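The values are calculated or read from the model by the stated rules, or taken from the named source; none is laboratory data. The structure displayed is predicted, hence computed values, not measured ones. Every residue, glycine as well, gets a Cβ built from its backbone with ideal geometry; the counts of neighbours run over all protein chains shown. Ligands, DNA and RNA are stripped out before the accessible areas are found, and what is left, the full protein with its side chains, is counted by its heavy atoms. Shrake-Rupley method; radii C 1.70, N 1.55, O 1.52, S 1.80 Å.
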Amino acid sequence: MRIVVTGGNGLVGNSIKDIISIYPNHAFTFITRQECDLSSWYEVSNYFVRNSFDYIIHLAAKVGGLFKNLDSNIEMFSENIAINENVLKACRQFNIKRGIFCLSSCIFPCNPSTFPMSERAIHESPPHPSNEGYAYAKRMLELQCRLHNKAYGTEYICLIPVNLYGPHDNFNIRDGHVIPALMNRFHGEKAKKDGRFIAYGTGRARRQFLYAPDFARLICSILLDGTYDNTEPLICCWRETSIKQMVECLADVMDIDKNKLEWDSDKSDGCMRKTVDNYKMWRYLPDGFLFTHMREGLKETYSWFCRNRDNLRN
Ligand code: GDP
């Protein structure tokens, strides 16, 4: 199969690159923003006229951490709607039969009727206002895929990962997600004599973190191994932790004294909890799946960060 991966230079795209040798019978092409601006139909149609594919893994999106979302909800909505519409239109016109489309657990309601939430809760009630632009655009992607499957008999599967982290992340201190932003900030503070290690919020919010290389393995397995025999959305997640526990673990991995951690509780906690359940996912992993423990994932990520500090993307 010829498989196109959008967001080829991102967190998950790069993790897929690392495992494609397991699939020697498939030809993967990774599209980057430099090669094709997915928010422009002109560029997308030109790209797909010149290159043909059987399957797609659609990862590209305008993304950011809590504080980027708070600052730019409109851009997060408009750009993601444009990207997804163009990509789906190309899939239709250029006959892409099967694919994985990446959603996110932040699309779930902020006040659900029950915790943990299952796939059925996606559209139940409004998402958290801090990231409603991004969340509604991703909810629409679920709808777009479902309608395409119904109208054209395609097999477009939406996967819903929880908070992803790992090598190749966006380590931007202001815009990044909590792990890469803090890793970068703490690393800078470590170099100072009187460095301060300040995390935002109260630390009481809870999140489920998933190591991006684990998600990459799940994507390829679901797309190519044939064990997932339907096109319903599927949550991919593992254990939940508080932000405080994660930050303490990060400090440990970075060799920072935990007693030096400070919390700026004037800054937002975002959604306090968005716990989702992986009951359905386990049903489709009959042979089990070895998830990377948070400490191990943070260690690998920090080691990658230190080796690549001069070439980080923004
Ligand atoms: P979210 O899960 O979509 O809200 O995204 P994030 O990955 O940005 O995680 C946000 C959570 O981490 C909130 O509870 C923040 O208060 C907390 N947090 C602590 N320090 C930071 C930081 O430096 N950057 C970010 N983005 N979040 C932080």
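Remarks
- The set of residues in segment 197-211 being in contact with a helix residue (DSSP H, G or I) (Cβ under 6 Å, 6 or more places away or on another chain) and either among the aliphatic types (A, V, I, L, M) or more than 21 Å from Cys236 (Cα to Cα) (or both) consists of Phe197, Ala199, Gly203, Ala205.
- Condition check for Ala61: open to solvent by 20 Å² or more (accessible area, probe 1.4 Å) and assigned to a loop (DSSP other than H, G, I, E, B): yes
- Residues in segment 120-134 that are open to solvent by 30 Å² or more (accessible area, probe 1.4 Å) and either of a type outside the set (Gly, Ala, Ser) or within 16 Å of Gly65 (Cβ to Cβ) (or both) were compared, and the one that is farthest from the ligand (Cβ to nearest atom) is Arg120.
- Glu262 fulfils the conditions (1) under 27 Å from Arg174 (Cα atoms); (2) away from the ligand (no atom under 16 Å from the Cβ) except for a single criterion, (2).
- In segment 204-245, counting only strands (runs of 3 or more DSSP E) that sit wholly within it, the ones holding 1 or more residues that are over 26 Å from Met183 (Cβ atoms) and either within 15 Å of the ligand (Cβ to nearest atom) or among the aliphatic types (A, V, I, L, M) (or both) span 234-236.
- Residue within segment 87-103 that is under 18 Å from Val162 (Cα atoms) and more than 15 Å from the ligand (Cβ to nearest atom) present: yes
- Residues in segment 56-79 that are away from the ligand (no atom under 14 Å from the Cβ) and out of contact with any Asp or Glu (no Cβ under 9 Å at 6 or more places or on another chain): Ile56, Ile57, His58, Leu59, Ala60, Ile74, Glu75, Ser78, Glu79.
- A Cβ distance below 9 Å, combined with a sequence gap of six or more or placement on separate chains, defines the contacts here; from segment 138-165, residues that are in contact (Cβ under 8 Å) with a residue 40 or more places away in the chain reach residues that are in a strand (DSSP E or B) and open to solvent by 40 Å² or more (accessible area, probe 1.4 Å) in the pairs Asn149/Glu155; Val162/Glu240.
Residues checked against (1) under 21 Å from the mean Cα position of the chain (by Cα); (2) more than 10 Å from the ligand (Cβ to nearest atom); (3) in a loop (DSSP other than H, G, I, E, B); (4) within 20 Å of Lys62 (Cα to Cα):
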{"position": "Glu142", "(1), (2), (3), (4)": "yes, yes, no, yes"}
{"position": "Leu147", "(1), (2), (3), (4)": "no, yes, no, no"}
{"position": "Lys150", "(1), (2), (3), (4)": "no, yes, no, no"}
{"position": "Tyr156", "(1), (2), (3), (4)": "yes, yes, no, no"}
{"position": "Asn170", "(1), (2), (3), (4)": "yes, yes, yes, yes"}
{"position": "Arg174", "(1), (2), (3), (4)": "yes, no, yes, yes"}
{"position": "Pro180", "(1), (2), (3), (4)": "yes, no, no, yes"}
{"position": "His187", "(1), (2), (3), (4)": "no, yes, no, no"}
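- The residues of segment 255-314 that are in contact with a strand residue (DSSP E or B) (Cβ under 9 Å, 6 or more places away or on another chain), part of a helix (DSSP H, G or I) and open to solvent by less than 90 Å² (accessible area, probe 1.4 Å), listed by number, are Lys280, Met281, Met294, Glu296, Gly297, Leu298, Glu300, Thr301.
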